[in-house]
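To start, the structure itself, in structure tokens.
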Amino acid sequence: KQYLASRKLIRIAELNELNNFFYESISLKKNVYYTISHTMKFVVLGIGFEKIGVDIESYRPKILNIKSKFISIKESYFMKSDDIEIITRLWTCKEAIYKCIVKKKLSFKKDIVLEKFDMQAKFGRGEVYLKGKIIPINLHFSNFENHYLTLSHL
């Protein structure tokens, strides 16, 4: 269902389909980028005039089992948390940033660092460490119906 829904969104938005669009922000027309994410219940299509990434996740306890795989030393203040909503936000941020930057060997734990945030905030920031450069990333947050959504852009 999600696959078909994503194809329908692409047609509605008059975007041409490319391979591997779930994992990267792709330019289809001059200066137009898109990215897709889905859960069992929702499909999200992000479109922008700069590189963007989007991720949506439902709140699931199993996220706590993998937090040590994507939370960096610089984010150690989050490691103490067993709050599923906080850890889900972290995951969606990193996934959205990964899709925005489009580098296959980007490490969620080593290369993507998030600034500390308040769960009430609708905006945040992160950084990507890539080939000796620091790339600042803007983040926008939303939660609804037991899901968390993050949009990232340069």
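Any read-out appearing in this document is the output of simple, stated calculations on the displayed coordinates, not a laboratory observation. As the structure is a computational prediction, the values presented were derived from the model and not from experiment. Quick reminder, even Gly has a Cβ in these numbers, built from the backbone with ideal geometry, and neighbours come from all protein chains shown.
Dividing the Cα radius of gyration by the Kirkwood radius, what Rg/Rh value follows for region 71-124?
0.95
Tally Lys and Arg at +1 and Asp and Glu at -1 over the other residues with C-beta under 11 Å from the C-beta of Ser37: what net charge comes out?
-2
Order of Ile66, Ile86, Ile73 from fewest to most other C-beta atoms within 10 Å? Present the calculation step by step, with values, prior to reporting the outcome.
Details: Ile66 12, Ile86 16, Ile73 9.
Placing the least packed residue first, the sequence is Ile73, Ile66, Ile86.
Given a cut-off of 28 Å, name the pairs among Lys41/Lys131; Lys62/Lys110; Lys67/Lys133; Lys74/Lys122; Lys62/Lys116 whose C-alpha atoms lie farther apart than that in the structure shown.
The answer is Lys41/Lys131.
So how do 49-55, 146-152, 106-112 stack up, highest first, on mean other-Cβ count within 10 Å?
146-152, 49-55, 106-112
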